[in-house]
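Working notes, beginning with the structure itself.
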Amino acid sequence: MRTVYTSMKDITPSTRNWKIKMIVADKSPKRTGQRSPVKYQSLTLIDPEGNRVQATMFDKDIDSRDDTLHIFRSYYISNAYVRPLDPKYRIETHEYQWILNSKTIIEEVPKDEEQLEVPKYQLIPFNELDAYKDSIAEIDVLAVAINIKPCREITSVHGPTTIQEIYVIDQSLNPICLTMWGQFVQDECKKISEIIGTKPVILGTRIRVGSYNGLSLSSRPKSKFMINLVLPEATSLQECCRAYVQLDDGTGKLSVVMFGEVVEEAFGCSAVELMNHTGDEHLPYIENLVAQVSQKEWMIELLVDPNRLNQQQHKNFNVISIDAVQEDTK
């Protein structure tokens, strides 16, 4: 019979036959060690009291757990290997880490049983970033990725490394450059690049704010990035940063979505302004905008997912640039 604990602080390397309910707070991609071919995957688990512990899986244990340990889901965990954590690898304050191996028992908490609360984040909006500029503070941000540049090699004070720049926006719709370094280029940036046309929402934790080009964001070795999480804040952010429209080229109509600066170029106002003029009482304002836009001809560049061409949905056709056709070019 296993003893069920409510605090992971009571679980030490000498504890036996234990079991505890935990929620997965974050989960890294599968990575390869810098000095060895061993593959590993890092997780942060939270107990019912809000205590956090770092957990790691290695090699075959990663693949065998591929269909479990999903972010923000609750699990009963027992028989993990508990060992001291080297302070130089410590992200959380807890002195131990858990190794989830083939002997570890992981069971998803039944849906009819109380689930653990999703962790809260101290999200900093872009219009408040200046207070953290060039400081040692590491902050959490939630933003929509609107563009990603090719990765490139640079020489830093620590030697050659790879970086990749992602342009992100939040409710302010002011694009800011997020520079990803090293391992984040190989893993997270690759995933973001594959779905950039859908304008994914990124939750970044432990991010540094710099003064490059006025304001900029940068990953740190202890940063965590999660993509398209199911969070109320993420849903509202996606909605306020986009406008849904229909295009007509004379042969048919196509539903598309516009973001940020593209909205401003077409309508002469931001997506936030459009959002503030929703509802029946603002219908004349919207009709007037549409009438003005419809009187012009436009050169429009679309980003299309070829695998979804048969699905006529807004999310599958994204306007990435728009320019009014001048009279002398018609």
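The values are calculated or read from the model by the stated rules, or taken from the named source; none is laboratory data. In this text the structure is predicted, and so the values were computed from the model without any measurement. Counting neighbours? That spans all protein chains shown, and the Cβs are built from the backbone with ideal geometry, glycine included.
Within the stretch 156-206, the set of residues being of a type in the set (Lys, Arg), without any contact (Cβ under 8 Å) to a residue 60 or more places away in the chain and buried (at least 20 other Cβ atoms within 10 Å of the Cβ) is empty. Looking only at the stretch 53-64, residues that are crowded, with 17+ Cβ neighbours inside 10 Å and either out of contact with any Phe, Trp or Tyr (no Cβ under 9 Å at 6 or more places or on another chain) or farther than 19 Å from residue 25 by Cβ (or both) come to 1 in all.
The set of residues from the stretch 97-116 being in contact with a Leu (Cβ under 9 Å, 6 or more places away or on another chain) and more than 20 Å from residue 49 (Cα to Cα) comprises just one member, 100.
Could you tell me whether residue 2 is in contact (Cβ under 8 Å) with a residue 40 or more places away in the chain and surrounded by fewer than 14 Cβ atoms within 10 Å (Cβ to Cβ)? Against the criterion (in contact (Cβ under 8 Å) with a residue 40 or more places away in the chain and surrounded by fewer than 14 Cβ atoms within 10 Å (Cβ to Cβ)), residue 2 qualifies.
Elements of the type strands (runs of 3 or more DSSP E) sitting completely within the stretch 85-204 and holding at least 1 residues that are over 19 Å from the mean Cα position of the chain (by Cα): these cover 96-99, 105-108, 152-156, 159-169. Being assigned to a strand (DSSP E or B) and either at pLDDT below 95 or under 20 Å from residue 229 (Cα atoms) (or both), is that true of even one residue in the stretch 57-64? No, that holds for no residue.
Take residue 134 and decide whether it is at positive phi and at pLDDT 95 or above.
yes
Search the stretch 230-244 for residues being surrounded by fewer than 17 Cβ atoms within 10 Å (Cβ to Cβ) and farther than 15 Å from residue 169 by Cβ, and hand back the single one that is farthest from the chain's Cα centre (by Cα). Taking the candidates together, the pick is 244.
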